[in-house]
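Reading through the C-alpha cells given below for one structure.
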Amino acid sequence: MSTRVAVVTGSNKGIGLAIVRALCKQFEGDVYLTARNVGRGEAAVKALNSEGLKPMFHQLDIDDLNSIKTAAEFFKQKYAGVDVLINNAAIAFKVADTTPFGTQAEVTLKTNFFSTRNMWTVFNEIIKPGGRVVNVSSMVSISALNKCNLDLQQRFRNENITEEELVELMQRFVDEAKKGEHKERGWPDTAYGVSKIGVTVLSMIHARRLTKERPNDGILLNACCPGWVRTDMAGPKAPKSPDEGAVTPVYLALLPPGAKEPHGQFVSEKTVQKW
C-alpha cells in the first residue's frame, strides 16, 4: 500500500495552518503544508515541529500554473496521486482598502476563483479512488448570491449550469466591475463574495462531473464555510480561532471510507446548507 497523502493550499498561516495542524493529528499519512513563499512555508513547518507535529513542505503558488503542474507531478511520482486535497488558498482586500473596485475584482477572482479552478483542472486527474476534496468557500457566498439580481440568482442556482457558463459569468463580473457597471448589471458590491459564489458553484459542477465520470471511485467533493475566524484576512474581532475554523474542512477531508454524502454540497458547522 502506498502512503496516503493530504495537501492543503495556502497553509503557512491562518485557517490553512490550523487545517494542517488538525490533519497531522488525525490523518493517517503524510500531510503537506504548501505556500507560495518557501521561507514562510518552511517557518510554518518549523512552528508545527515545535508542537511535536511533522508536516512536510512543498512550494505551491496557485496563481502560477507551472507551480501547480510541478506540484501535481511531484505527488503523482511520489504517492501515485493525492488522497485529500483542501483548496484553502484565497485573498481578500480589507474594507478600508482604497484600491479601485475593478482592480480588486480582477485580483480577487484571479486567485479565489480562476486559480482554484486551475488547481482542480490539474489535480483532478491524480485524485485517488476514495479521495476527499474540500474547497474552502464562505457563508458570504450565500449573502452575496442573495444580493444578485434574480436572473443571476437563477443562473447560479441552476443545477445544470456548466463550467463554461460559470467561467463566463465570473469574467463578466470582472469586466463590468472594471467599467464601474457591476451594480447596475445586478451584481453585489463585493468582489470576495462573488469569488466565493464561484467557488461554491464550481464545487457543485465538479462533484456532478465526478459522479458521472468516476461513479465507482467514491470520491467526495464539497465546498464549505469555516466560519468567521480570527486571521490576517478576517481581522481580530472574529469569534472563532483558526483551530475552530478548521473543524468543518477537516471533517469533510476525513469523511469515512464508503461514505456517500455529503457530496457536491455547501457545508457549514458540519451541516449541509441550502444554496
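Criterion first (in a helix (DSSP H, G or I) and either modelled with pLDDT under 95 or surrounded by fewer than 17 Cβ atoms within 10 Å (Cβ to Cβ) (or both)) does E176 satisfy it? Spelling it out, it is not the case that E176 is in a helix (DSSP H, G or I) and either modelled with pLDDT under 95 or surrounded by fewer than 17 Cβ atoms within 10 Å (Cβ to Cβ) (or both). Being among the hydrophobic types (A, V, I, L, M, F, W, C) and open to solvent by 60 Å² or more (accessible area, probe 1.4 Å) is the filter here, so list the residues in region 33-42 that pass it. The answer is V38, and nothing else. The sole residue among S11, S50, S2 that is on the phi < 0 side of the Ramachandran plot, open to solvent by 50 Å² or more (accessible area, probe 1.4 Å) and touching a residue at least 60 places away in the same chain (Cβ under 8 Å) is S2. Could you tell me whether L202 is closer than 24 Å to F173 by Cβ, within 17 Å of the chain's Cα centre (by Cα) and open to solvent by less than 10 Å² (accessible area, probe 1.4 Å)? For L202, the condition - closer than 24 Å to F173 by Cβ, within 17 Å of the chain's Cα centre (by Cα) and open to solvent by less than 10 Å² (accessible area, probe 1.4 Å) - is met. Among the residues of region 54-73, those identified as open to solvent by less than 70 Å² (accessible area, probe 1.4 Å) and under 12 Å from Y32 (Cα atoms) are P55, M56, F57, H58, Q59, L60, A71. Of the residues making up region 245-266, those that are outside any loop (DSSP other than H, G, I, E, B), under 17 Å from G16 (Cα atoms) and either modelled with pLDDT of 95 or more or open to solvent by 20 Å² or more (accessible area, probe 1.4 Å) (or both) are V247, T248, P249, V250, Y251, L252, A253.
Is it fair to say L210 is modelled with pLDDT of 95 or more, more than 24 Å from S11 (Cβ to Cβ), assigned to a helix (DSSP H, G or I) and open to solvent by less than 30 Å² (accessible area, probe 1.4 Å)? It is false that L210 is modelled with pLDDT of 95 or more, more than 24 Å from S11 (Cβ to Cβ), assigned to a helix (DSSP H, G or I) and open to solvent by less than 30 Å² (accessible area, probe 1.4 Å).
For (1) aliphatic (A, V, I, L, M); (2) within 26 Å of N124 (Cα to Cα); (3) touching a residue at least 24 places away in the same chain (Cβ under 8 Å); (4) in contact with a Pro (Cβ under 8 Å, 6 or more places away or on another chain), each residue gets a yes or a no:
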residue: G180; (1), (2), (3), (4): no, no, yes, no
residue: G198; (1), (2), (3), (4): no, yes, yes, no
residue: K212; (1), (2), (3), (4): no, yes, no, no
residue: A223; (1), (2), (3), (4): yes, yes, yes, no
residue: P226; (1), (2), (3), (4): no, yes, yes, yes
residue: P242; (1), (2), (3), (4): no, no, yes, no
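When K147 is tested against (1) in contact (Cβ under 8 Å) with a residue 24 or more places away in the chain; (2) out of contact with any Gly (no Cβ under 6 Å at 6 or more places or on another chain); (3) open to solvent by 10 Å² or more (accessible area, probe 1.4 Å); (4) more than 27 Å from D97 (Cβ to Cβ), just one condition goes unmet, and that condition is (4).
The sole residue among P226, P236, P242 that is at pLDDT below 85, in contact with a strand residue (DSSP E or B) (Cβ under 7 Å, 6 or more places away or on another chain) and of a type outside the set (A, V, I, L, M) is P242.
The values are calculated or read from the model by the stated rules, or taken from the named source; none is laboratory data. Values in this document were obtained by computation on a predicted structure and should not be read as measured data. Neighbour counts are summed over all protein chains in view; Cβ atoms, including those assigned to glycine, are modelled from backbone coordinates with ideal geometry. Quick note on the areas: whole protein, heavy atoms, side chains included, nothing else; ligands and nucleic acids left out. Shrake-Rupley method; radii C 1.70, N 1.55, O 1.52, S 1.80 Å.
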